[in-house]
Amino acid sequence: MLRKVEMIMMKKWMCLILTAVLALSAVGTFAAEVDADVAYVQEKGVLVVGITDFAPMDYLDNGEWIGFDADMAKAFAASLGLKVEFIEIDWDNKLLELDNKSIDCIWNGMTLTEEIMGATSCSKPYANNAQVIVVPKDVADQYQTAEAAAELQFAVEAGSAGQSQAEAYGFSFTPVSAQTDAVMEVKAGSSDAAIIDALMAAAVVGEGTSYPDLTYTIGLNSEEYGVAFRQGSELAELLNAFFVTAWQDGTMQAIAETYGVSAAVIAQE
Amino acid sequence: MTPEQWSIVFNALNVGFLQTLRLFFVTLIGAIPLGLLIMLARRSSFRPLSWLTQGLTWIIRGSPLMIQLLILYYGPGLAFDWHPWGGGEAGRFSAAATAFIINYAFYFAEIYRGGIASIPAGQEEAGLVLGMTRTQIFFKVKLLQMVKAILPPMSNEVITLVKDTSLSRIIALQEIIWAGQKFLKGSSGISASILPLLCTVVYYLIFNGLLTILLTRLEKQLSYFR
């Protein structure tokens, strides 16, 4: 009995000491002025943003990158007194690009997955997304629930959030190399359905697209978009603070309005 | 697709193909002389140099060019926090050109070696008897004959190079395949169309057709010993 009390006392002491050490080191880093990555970017004077061509988040308009993400990135860089440069990357190599410092952040409608959050310093989520089921229009009525969809043969992008959902629901699926390939599988009839991003589905299938006879039905999950910086970079914190300011003064809502993503944007407090 | 959309597509493909051509010509300009140096090192009577060259030939020819591109572009930054290339398109082009020059130079060196080996040893002996130095024999007797002998295999490599440039999309160099592929995902309001990517074939075919005509003509011009 006495032993237990002693142990608890010891644990308390250790906790106290640890807290003190942590507090001191926090003060230490604070005193050591700016974070190394922030200093690196400030010295360059340019924030290099890694993107892919992905409307409505980042896309080209008369040679200039615009979109919800692009405009927010411009505003964020301006708030730090930095210029902004957009560089198209191969999405598969996004983490390599970040560690290689050929880009300073990934800001392109990126789903905050555990893999990404483990390997980088991420901002708070700023928009909602979901994985949805794409099927031919004429059979869409039959597949409005996950149970009904379970009998379908799916196509998903290998390693994507869509594949994770297919696995989670125990669907039978074929991995293909891109979300668009998954949609093409449905069109070609080699798969019954595909699982892709809701934002992408809105842009790729339905009236006025190359796949007018396809549509999307239920969302299988909900996920969130964030911005990734190098592991340990304080730029993530600076961006969180910027999001709050931009939300309070209404800039963020205005930009969201411009690109028609208001419904997806998450309030920043 | 509408005519306006096609004009967007062809503008993008033209820009991409210019980058492809740039990479093609820079690689040839760099790799043709570098291959000669590597061939000389390989044939050197200084054994360690010859062994080193054989080892490098094994590594460069034995590993995928795609991995060489990745290592050259991302390696220095990831391993040594050293960033010689920079993130922009110019840096990616420099990295791609360096990888292609090194890779093709080692293939060229082996072709050159075959060309030299095809020249009868009697010519070298004759040159020595006449009091020429080995350097003189190489440049004045063997080199031109070698050029004749290697032209067909070199043409093969050159045409392969035109298509190999597309591997550089792995480090996001925006050559013609990249330019065509982006419409597959969706770009400039055109989404999920595979036609632009298929159209890139026309560019390759036309350019390779011109190259074939040029190389055949060159081969004919050089056949004056017959």
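Numbers at a glance
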quantity	calculated
Cross-link pairs beyond the 21 Å C-alpha cut-off, checked among A:K137/A:K187; B:K148/B:K220; B:K142/B:K163; A:K83/B:K182; A:K137/B:K182	B:K142/B:K163; A:K83/B:K182; A:K137/B:K182
Förster radius 41 Å - calculated FRET efficiency between A:Q42 and A:E115 (Cβ-Cβ, nearest 0.05)	0.90
HN-Hα J in Hz across region B:3-17 - Karplus 6.51, -1.76, 1.60, θ = phi - 60°, x for Gly and Pro	x, 5, 5, 4, 5, 5, 4, 5, 4, 5, 5, 4, 4, x, 5
Percent of C-alpha pairs per 20 Å bin, the protein assembly as shown, short to long	19, 42, 27, 11, 2, 0
Under-5 Å amide H pairs with A:K124, H placed in peptide plane, nonlocal only	A:N240
Inter-site label distance for B:V129 and B:E110 at 7 Å from Cα along Cβ, in nm	3.6
Integer Hz, Karplus 6.51/-1.76/1.60 couplings in order for region A:79-92, x for Gly and Pro	5, 9, x, 10, 7, 10, 10, 9, 10, 6, 10, 7, 4, 4
Ranked list, fewest to most other Cβ atoms within 10 Å of each Cβ, for A:E85, A:E147	A:E147, A:E85
Stretch in chain B that is longest and holds no chymotrypsin sites (Phe, Trp or Tyr not before Pro) that DSSP places in a loop and that have at most 12 other beta carbons within 10 Å	B:83-223
Distance-filtered residues of region A:134-166 - backbone nitrogen under 15 Å, label point 7 angstrom along A:D213 Cα→Cβ	A:135-140
Kirkwood Rh and Cα Rg combined as Rg/Rh, chain A	1.08
R0 of 35 Å, Cβ-Cβ distance A:D138-B:W6: FRET efficiency to nearest 0.05	0.70
Estimated FRET transfer efficiency when R0 is 56 angstrom, pair B:Q221-A:A202 (beta carbons, to 0.05)	0.40
For region A:172-179, Karplus couplings with θ = phi - 60° (6.51, -1.76, 1.60), whole Hz, Gly/Pro x	8, 9, 10, x, 10, 7, 8, 4
Gyration tensor (alpha-carbon) shape descriptor, region A:131-221, a/c threshold 1.5	rounded
Shape call, chain B: gyration tensor on alpha carbons, a/c limit 1.5	oblate
Theoretical ellipticity at 222 nm over the protein assembly as shown - DSSP helices of four or more residues, -39500 (n - 2.57) apiece, nearest 500	-19000 deg cm²/dmol
Amide H contacts of A:T215 (H built 1.01 Å from N, under 5 Å, at least 5 apart or other chain)	A:V135, A:K137
About the Cα centre, charge dipole magnitude for the protein assembly as shown (Lys/Arg +1, Asp/Glu -1 at Cβ), debye	3120
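A short reminder: the numbers here are calculations on the coordinates, not readings from a lab. Worth saying up front: this structure is predicted, and the values here are computed from it rather than measured. Reconstructed Cβ throughout: ideal geometry from the backbone, glycine too, with neighbour counts over all protein chains shown.
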